[in-house]
1. Quick check on the stretch A:166-196: of everything there that is surrounded by fewer than 19 Cβ atoms within 10 Å (Cβ to Cβ) and in a helix (DSSP H, G or I), which residue is farthest from the other protein chains (Cβ to nearest Cβ)?
2. Go through the stretch C:90-132 residue by residue and tally those that are under 22 Å from C:GLU155 (Cα atoms) and not aliphatic (A, V, I, L, M).
3. Does A:MET268 satisfy being surrounded by 21 or more Cβ atoms within 10 Å (Cβ to Cβ), farther than 30 Å from A:SER314 by Cα, hydrophobic (A, V, I, L, M, F, W, C) and more than 14 Å from chain B (Cβ to nearest Cβ)?
4. Tell me which residues, restricted to the stretch A:426-471, are part of a helix (DSSP H, G or I) and in contact with a strand residue (DSSP E or B) (Cβ under 6 Å, 6 or more places away or on another chain).
5. Within the set of pairs 6 or more residues apart or between chains, which connect a residue that is within 8 Å of chain A (Cβ to nearest Cβ) inside the stretch C:31-49 to a residue that is among the small types (Gly, Ala, Ser) with Cβ atoms less than 7 Å apart?
6. Looking only at the stretch A:351-391, count every residue that is assigned to a loop (DSSP other than H, G, I, E, B), facing another protein chain (nearest Cβ under 7 Å) and touching a residue at least 60 places away in the same chain (Cβ under 8 Å) and tell me the total.
7. Can you confirm whether A:GLY408 is modelled with pLDDT of 95 or more, more than 10 Å from chain B (Cβ to nearest Cβ) and part of a helix (DSSP H, G or I)?
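The values are calculated or read from the model by the stated rules, or taken from the named source; none is laboratory data. This one's a predicted model, so the numbers in the text were calculated from it and none came from an experiment. Please note: Cβ atoms are built from the backbone with ideal geometry, for glycine as well, and neighbour counts cover all protein chains shown.
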Amino acid sequence: MASTAIPANQAPKLNYLNNGHSLKSWLLTTDHKRIALLYLISVTVFFFLGGFFAMLIRLELLTPQGDLMQADTYNKVFTMHGMIMVFFFLIPVVPAILGNFLVPLMIGAKDLAFPRINLLSWYLYIIAGTLFLHCMLTGGVDTGWTFYTPYSTAGSNTNVVEAGLAVFIAGFSSIFTGLNFIVTVHRMRAPGLTWDRLPLFIWANYATSLIMVLGTPVIAITIVLVAVERLFHLGIFDPRLGGDPLLFQHLFWFYSHPAVYIMILPSMGVVSELIACFARKRIFGYKFVALSSIAIAVFGFLVWAHHMFVAGISLYAAMVFSFLSFSVGVPSAVKVFNWTATLYKGSISYATPMLYAFGFIGLFTIGGLTGLMLATIGIDVHVTDTYFVVAHFHYVMVGGVLMGYLGGLHFWWPKISGRMYPEGWAKLSALLVFVGFNLTFFPQFILGYVGMPRRYWQYPPEFQVLNVLSTAGASVLAVGYLLPMIYLLWSLRYGPIAGANPWGAAGLEWQTTSPPPTFNFDETPVVTWEAYNYDEIPPKEVEAPVAR
Amino acid sequence: MASQVDALYIYLLLVSGVMTALIFVAITVLAIKYRRVPGRDAQPIEGSTLLEIAWSIIPLFVMMTFFIWGAVIYFKERTPPADSTEVYVVAKQWMWKIEHMEGQREINELHVPTGQNIKLIMTSQDVIHSFFVPAFRIKQDVLPGRYTTAWFKATKPGRYHLFCAEYCGTQHSGMGGDIVVMEPQDYAQWMAGGPSAPLQDTGKQLFTSLGCATCHRFDVQGRGPNLTGVYSKPVLLEDGRMVIADENYVRESILNPTAKIVNGFKPVMPTFQGIVSDEQLNALVAYVKSLSQPPTGTAGLQNQPAASPAQPQNMQVQ
Amino acid sequence: MEHEAHNPALLHHFADAQQQKNAASLGMWLFLVTEIMFFGGMFCAYLVYRLAHFNAFAAGSQQLSIWMGATNTAVLIVSSVTVVLAVKAAEAGRRKVLVGYLVVTVLLGMTFLTVKGFEYREKFEKHHVPGATFKFTNTFDDNGKQIPVNPKEAELFFSLYFVMTGMHALHMIIGCGLFSVLAVFAWKGHYSPGYFTPIENAGLYWHLVDIIWIYLFPLLYLISRHS
């Protein structure tokens, strides 16, 4: 392994962060690491915007009556919360931030295959986001993020087409990122880095990219058809004009189901990296974990109509989709078991990233099991379109994706910024997130089973206690999310300088400086070892804070 | 039915709880037992194909029990019994309009007697809604342009929430109501209390006033098929297809006659799209159904089984 | 950093020209897959509605101008040939021939779009444009038997016709723009036998747009056409 010639406790003189200070050098960069930071800023902004809307929802739901805002306003608030979180946060968060930063580093490349298309991806995201902001500021949209017809084409009088266009453009950002990753992994691996030596984060992002490339165009065309129907009164989905509203649902969910695997797979990749590093051993069953990512991507395309069990599809179609939906559960379970087995005879550290990894496993297990409950059609009839589903997807999206992301952000923060974050505050935040999250969303499982439907501005009084618990949890959760914002920013200036490899982790990204130079490696590495060769790497404690 | 759904749910909860507990305990124990101590290194362990197969196959088998049990219940949920009393439901933004076969109309409330299978035949006037009664564990989306059905049997008198469960605009959360379940004698009293004409009689009147009887004659062969006994039987179309004359077929024949031409007839029927309302359509469909033997969906009171003894505490809907 | 002599088109993050070419090629194929998925949604809608409303679709199809459609099909097939010849010219280093074929391809593309324009105008004149002005009183001529159809279903056919051919035409316009730019670059000498990847990849794009038309033509124009 190459060791850096730079002393461990000094930041390198010239790295990607200080290689050019002008605004132009950032806004016209083609360096994948800078683009990752551009995404970090913009995605974080949208996260807090979506979170703000979530706060409004929880505040309204403190009381059974609709007394904080009008019904129409509430409908817009939950729609925009959903659209922002799905399209502007969950889909890009791990691939566009951590993926963009790490994929070339992890495979020993100088950059992604198409750096200019990478920059284009970011600009498309920004254009889409700006368009969506404009849509919100000029009246918003109230169709729900799922914009079912005929309400979205004929019933709603809000900015449906504009919102659709924003999502369409964001979709292209996603497609280009996925395309870039696939070509990069196929064509630009360092010499000696065979597929079976790739880090699991790469396998995960590769599988994700397959879904991005194959699935996103379908929602793009669906949006086009909805827009065309709405603008020109063509009858494609409206029965009054000869169309079929169920066709919309099929086309919509054909993308939107695989989309949730776009969200979770990269986070699962992060968790693999974290468990390997903080247990100091290769992930148990590496090959199975790698292939399970591909399996999830493939099976994920076969199950879309499990969102439509009560929509009016035939009884037999429902049974087929129920059966197939269980098939996706197997590779996910395989991952959870392998991660757990990795802990056996490991040497386990409780650093913050590991705490997030533990949190992920626990919460994803609950979220995934409730997903199996939803796949069980006899149960789904009762709980679909209720808060049970809301709780399920928040468990996997927030308890899963977001915790994986936060774990990864903390793990690679020293590599990205050259600084360590304050471990005490980080552990506290992780705890607040875990407790706040469960308090927010566990009551919602109960709410759903006793019958509270989703997207409800007002509700019968007997549901109030659980709603109040949920809102209380949300306030704790909010603090848990705000703290990292503060201390991560603080660490940029006051955090101790991190060396090239403060965790003693395996992986090519740790064999270059923190932060890395613009072209990543002084010399292209030649890989002769398996992934996660922790038996060859001596353990290392997190470096004690060093005087600046 | 509700107790069956709950039983499956409890099974799922137990299995999930055990699974979750296993993972939580395993992680906690392993994380503590193998925490980092100086002097002990991690042991590199590749994996175990046997374990991988085991923990793929066993969960798959467990999941198959979920699937089969769920499918069995779902099949029952989607198959209304043949002797069900029919009730027509028209959803619109933002209310539920109910029509009993006897002609009784209700808004946002559905009165039913205990112990009677009720089959709901539902359509929407505008956007997609969903008929959700948590206490009965039933839910079915209600679509514009076609009928969807759901069924239940209430066993305990009381008022039970009715919610709309598919987002439909401004007053989606206000589009609620109650299912009012009454003892059979109370229900009979309620039913007698309002002015009404049975739904199929209304349909019969419309059949004449709209001119249907001109072509669909019962005495001689007219320009349209004789509708006696047509409902729920197979129909041969002129392009060779065979379809079953169900509610959706009758509805479509009125609104879009050229979609399916009966074999041997000319496509001369005009469309009634925009001429008949959803309620009138329901009445016509009920009338056509009444032309088939044995009477289906007529006022169910005379066919009711003897009232069952007092039910246990928790609501049971079969 | 030392610079070995290399093609100025080689980008610095690639190890060598072959890696760059392979990457660009794979990238374009992946992009074409996304285009197939994109059009796939429309083909799916077409399939569903044609199965449900065959008579109306046939009646609508019979109202399209089969001659204009066939001419356009021939024009596109020829244009794909000129694309192949352009790639061959690039490979052989024959700059003027390359530019010539690129320009001819663009002209053929514009011919296609012009014919399409005439077709759309004809639709407008016959009141077959979906929306407020739509009127459809034609029947489905099933071997002499005239079967009346529901105008709403025919309108659905024309909605799909306009969306599918319109989206295709948009891709043609982009293709013409792309090839015009390439023609300019080729004239300026950007391409050589050692580097003509953009010509190849743009050619792949053009071929896909052609193939999509080859599916659209029979599906839209040739439903139940008997001699």
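1. Looking only at the stretch A:166-196, we keep the residues that are surrounded by fewer than 19 Cβ atoms within 10 Å (Cβ to Cβ), and these are A:186, A:190-192, A:194-196.
Filter again for in a helix (DSSP H, G or I), leaving A:186, A:195-196.
On the way: A:HIS186: 6, A:TRP195: 15, A:ASP196: 12 Å.
The extreme case among them is A:TRP195.
2. Initial filter on the stretch C:90-132 (under 22 Å from C:GLU155 (Cα atoms)): C:116-132.
With not aliphatic (A, V, I, L, M) added as a condition, the list becomes C:116-128, C:130-131.
Number satisfying all stated conditions: 15.
3. Working: surrounded by 21 or more Cβ atoms within 10 Å (Cβ to Cβ): yes; farther than 30 Å from A:SER314 by Cα: yes; hydrophobic (A, V, I, L, M, F, W, C): yes; more than 14 Å from chain B (Cβ to nearest Cβ): yes.
Yes, satisfied.
4. Start the filter on the stretch A:426-471 by keeping residues that are part of a helix (DSSP H, G or I), which leaves A:426-449, A:461-471.
Residue satisfying the conditions is A:GLY448 alone.
5. Listed pairs, sorted by first residue: C:PHE38/A:ALA220.
6. Filtering the stretch A:351-391 down to residues assigned to a loop (DSSP other than H, G, I, E, B) leaves A:351, A:376, A:384-385.
Still in the running and facing another protein chain (nearest Cβ under 7 Å): A:376, A:384-385.
From what is left, the residues that are touching a residue at least 60 places away in the same chain (Cβ under 8 Å) are A:384-385.
Within the stretch A:351-391, residues that are assigned to a loop (DSSP other than H, G, I, E, B), facing another protein chain (nearest Cβ under 7 Å) and touching a residue at least 60 places away in the same chain (Cβ under 8 Å) number 2.
7. Values: modelled with pLDDT of 95 or more: yes; more than 10 Å from chain B (Cβ to nearest Cβ): yes; part of a helix (DSSP H, G or I): yes.
Judged against the criteria, A:GLY408 is a match.
Each row is one residue, and each column tells you yes or no for (1) more than 12 Å from the chain's Cα centre (by Cα); (2) small (Gly, Ala, Ser); (3) more than 10 Å from every other protein chain (Cβ to nearest Cβ).
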residue	(1), (2), (3)
B:PRO80	no, no, yes
B:VAL90	yes, no, yes
B:GLU109	yes, no, yes
B:GLY145	yes, yes, no
